[in-house]
Amino acid sequence: MSYSSYRGTVGLIRPTMRPGVLEDLVRALPEGICLIPVFNDVRGAREEFESAIPLYRERAEEVARQDVDLIFLSGAPPFMVLGHDHEGELMETWEKELGIPVVTSAMNQIEALQALGARKFYGATYFGDELNEIFANYFMSAGFEPLAMEGLTDVPFTRVQEVSSHVVYANIKKGIRRHPDAEAIYMLGPAWRTLDIIEPLEQDLGIPVVHATPAQSWLIQKRLRVRQPMPGLGRLLAEMP
């Protein structure tokens with residue numbers, strides 16, 4: 001009998017019930033890594049992000065009881081709204097209380113940018129100016145220089161998965177023309193169905209892309225001491241720095 005999670009089990013707490021995102025992550029992970037997913041139902045307002053933290057804590061307790069090796073708190077905005085320093089202190093407390101390593105998407109994306117050697121980056125999101133300013137401040141507190149953090153599409157949060165990846169590609173290219181000093185492209189969140197444009201962006205613009213889904217696969221492997229490069233989803237997963 002085969003053991004499906006022989007390389008490790010991850011308790012994954014998703015912020016939304018959006019279709020497609022979980023499937024993308026499963027495809028980006030090597031065989032032998034098992035996910036136990038649970039879901040919140042955030043709809044995109046800043047107040048929801050702020051109030052979601054206790055829900056994440058409840059879900060973390062649920063998955064901790066399943067003998068997981070890692071708890072991954074997916075969804076960067078709720079933890080960016082907390083602020084970089086507060087987030088770090090809170091995750092340290094949760095790890096001690098739960099006895100299991102805990103990582104957030106925001107922490108994940110910081111590590112990915114560091115691994116790629118990028119300090120100055122162009123940020124693309126599907127949020128408005130108020131939240132984008134908060135996101136930029138989060139990265140500045142972590143020692144980065146976001147040259148821009150721009151909302152690229154005027155579509156409700158609950159429908160961003162309907163936006164064409166080609167529209168996102170075109171808007172990111174325009175953004176890079178305005179910020180030619182960018183050392184990387186940062187795409188906040190996996191709700192855009194944009195895995196297909198990661199490699200074209202890297203090839204055409206000559207800089208790496210940090211996209212939430214490949215970044216999650218990269219960090220999960222790193223935490224579980226797995227190293228299985230995967231072509232087709234950008235430099236981070238292809239080279240496993």
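The values are calculated or read from the model by the stated rules, or taken from the named source; none is laboratory data. Quantities reported herein were computed from a predicted structural model and do not represent experimental measurements. No Cβ is skipped: glycine too gets one built from the backbone with ideal geometry, and neighbour counts run over all protein chains shown.
So, R193, is that one closer than 23 Å to E23 by Cα and within 18 Å of the chain's Cα centre (by Cα) or not? Full working, then the answer.
Numbers: closer than 23 Å to E23 by Cα: yes; within 18 Å of the chain's Cα centre (by Cα): yes.
Against the criterion (closer than 23 Å to E23 by Cα and within 18 Å of the chain's Cα centre (by Cα)), R193 qualifies.
Results for (1) closer than 30 Å to Y6 by Cα; (2) among the basic types (K, R); (3) more than 16 Å from the chain's Cα centre (by Cα), shown as yes or no for each residue.
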site	(1), (2), (3)
E50	no, no, yes
R57	yes, yes, yes
E89	no, no, yes
A106	yes, no, no
A124	no, no, no
N132	no, no, no
A136	no, no, no
M140	no, no, yes
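Does L55 satisfy the criteria of being under 20 Å from Q216 (Cβ atoms), of a type outside the set (V, I, T) and touching a Lys or Arg at 6+ places or on another chain (Cβ under 6 Å)? It would help to see each step written out before you state the result.
Values: under 20 Å from Q216 (Cβ atoms): yes; of a type outside the set (V, I, T): yes; touching a Lys or Arg at 6+ places or on another chain (Cβ under 6 Å): no.
When the stated conditions are applied, L55 does not pass them.
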>> What's the total number of residues in the range 146-160 that are part of a strand (DSSP E or B) and either closer than 19 Å to T16 by Cα or touching a His at 6+ places or on another chain (Cβ under 8 Å) (or both)?
In response: 2
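Which one is nearest to H166 (Cα to Cα) among residues in the range 182-241 that are among the basic types (K, R) and not in a loop (DSSP other than H, G, I, E, B)?
Of the range 182-241, the ones among the basic types (K, R) are 193, 222-223, 225, 227, 235.
Filter again for not in a loop (DSSP other than H, G, I, E, B), leaving 222-223, 235.
Values: K222: 31, R223: 33, R235: 20 Å.
Ranking the qualifying residues of the range 182-241, first place goes to R235.
Would you confirm, using the coordinates I've provided, whether V226 is in contact (Cβ under 8 Å) with a residue 60 or more places away in the chain, among the hydrophobic types (A, V, I, L, M, F, W, C), surrounded by fewer than 18 Cβ atoms within 10 Å (Cβ to Cβ) and within 28 Å of G11 (Cα to Cα)?
yes
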> Hey, among P37, P78, which residue is over 24 Å from G143 (Cβ atoms) and either of a type in the set (K, R) or at pLDDT 90 or above (or both)?
Replying inline: P37
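Checking the condition out of contact with any Phe, Trp or Tyr (no Cβ under 9 Å at 6 or more places or on another chain) and crowded, with 22+ Cβ neighbours inside 10 Å, which residue from P214, P180 passes?
Working: P180 fails: crowded, with 22+ Cβ neighbours inside 10 Å.
Sole residue among the options that is out of contact with any Phe, Trp or Tyr (no Cβ under 9 Å at 6 or more places or on another chain) and crowded, with 22+ Cβ neighbours inside 10 Å: P214.
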> Among the residues of the range 61-81, how many are part of a helix (DSSP H, G or I) and buried (at least 21 other Cβ atoms within 10 Å of the Cβ)?
Replying inline: 7
> Which pairs have Cβ atoms under 7 Å, sit 6 or more apart or on different chains, and link a residue in the range 79-91 that is farther than 21 Å from E61 by Cα to one that is surrounded by fewer than 19 Cβ atoms within 10 Å (Cβ to Cβ) and of a type in the set (V, I, T)?
Replying inline: M80/I134; V81/I134
> Of the residues that sit in the range 23-47 and are in a helix (DSSP H, G or I) and out of contact with any helix residue (DSSP H, G or I) (no Cβ under 8 Å at 6 or more places or on another chain), which one is nearest to P231 (Cα to Cα)?
Replying inline: R27
>> Any residue in the range 117-146 that is under 26 Å from S164 (Cβ atoms) sitting within a Cβ distance under 8 Å of a residue that is surrounded by fewer than 22 Cβ atoms within 10 Å (Cβ to Cβ) and of a type in the set (S, T, N, Q)? List the pairs, counting only those 6 or more apart or interchain.
In response: G123/N132; A124/N171; T125/N132; Y126/T153
>> I need the full set of residues from the range 175-190 which are touching a residue at least 12 places away in the same chain (Cβ under 8 Å) and over 18 Å from the mean Cα position of the chain (by Cα), in order please.
In response: G175, I176, R178, H179, D181, A182, E183
>> Report every pair of residues separated by at least 6 positions or lying on different chains whose Cβ atoms are under 6 Å apart, first residue within the range 160-174 and more than 14 Å from E202 (Cα to Cα), second at pLDDT 95 or above and assigned to a helix (DSSP H, G or I).
In response: S165/D196; S165/I197
> From the residues in the range 191-216 that are in contact (Cβ under 8 Å) with a residue 40 or more places away in the chain and of a type in the set (G, A, S), which one is nearest to M230 (Cα to Cα)?
Replying inline: A215
